[in-house]
C-alpha cells in the first residue's frame, strides 16, 4: 500500500521463490487472492505477461522502461519512507544490502546499482511504476533503431 500524501510505502507481504513457472506464479497469485489486483510485471517478459493474462490475470501489464529508468525509479522510491512487515524477510535483507557499483581504485561509487540483492527492489520499483511521473523516463522510439 502507498500513502502518497505522507510519502509512505507499506510492504506487508512478499513472494520470493526462484525457478517459478508462469503456472506457479498464477497459482500463487490466486492463493494470495491478488490475481484480480493491478499487477506491474517486468516488461522484459512479454510472453509471460500474456500467458498470465490468458490464464485470468487480466490487470497485469509491463512496466515502463527507458533510458535511466532504473535510476529514476530508485530516486523516486527514495522519496518515500518504507515500512516493512517483519515477515518480509527477503525484502528486509535486500533493503539492508542494496548497494552501488564502486569505482575501482577509489572510495567513490558509480550511479549504478549492483546487480545483487535487487529482486524485491525491482518489484518495488515496478509496483510504483504508475506513480512515477511519465516524463521522468525517456522511452526509446522505433526511429532510434531506424525502424
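The values are calculated or read from the model by the stated rules, or taken from the named source; none is laboratory data. Note that the coordinates shown come from a computational prediction; the quantities given were computed from them, not determined experimentally. Don't worry about glycine lacking a Cβ; one is built from the backbone with ideal geometry, like all the others, and counts go over all protein chains shown.
Listed values, structure above:
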quantity: Residue list for region 41-67, restricted to those being closer than 23 Å to residue 7 by Cα and either in contact with a strand residue (DSSP E or B) (Cβ under 7 Å, 6 or more places away or on another chain) or surrounded by fewer than 13 Cβ atoms within 10 Å (Cβ to Cβ) (or both); calculated: 41, 63
quantity: Boolean, residue 104 is out of contact with any helix residue (DSSP H, G or I) (no Cβ under 7 Å at 6 or more places or on another chain), loosely packed, with under 12 Cβ neighbours inside 10 Å and farther than 25 Å from residue 133 by Cα; calculated: yes
quantity: Output for region 22-40, where each listed residue is within 19 Å of residue 130 (Cβ to Cβ) and either in contact with a helix residue (DSSP H, G or I) (Cβ under 6 Å, 6 or more places away or on another chain) or surrounded by 14 or more Cβ atoms within 10 Å (Cβ to Cβ) (or both); calculated: 29, 34, 35, 39, 40
quantity: Some residue of region 94-106 being touching a residue at least 24 places away in the same chain (Cβ under 8 Å), within 18 Å of the chain's Cα centre (by Cα) and farther than 25 Å from residue 41 by Cβ; calculated: no
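Here's the yes/no breakdown for (1) out of contact with any strand residue (DSSP E or B) (no Cβ under 8 Å at 6 or more places or on another chain); (2) farther than 13 Å from residue 9 by Cα; (3) surrounded by 12 or more Cβ atoms within 10 Å (Cβ to Cβ); (4) modelled with pLDDT of 90 or more:
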residue	(1), (2), (3), (4)
84	no, no, yes, yes
90	yes, yes, yes, yes
109	no, yes, yes, no
116	yes, yes, no, no
122	yes, yes, yes, yes
128	no, no, yes, yes
134	yes, yes, no, no
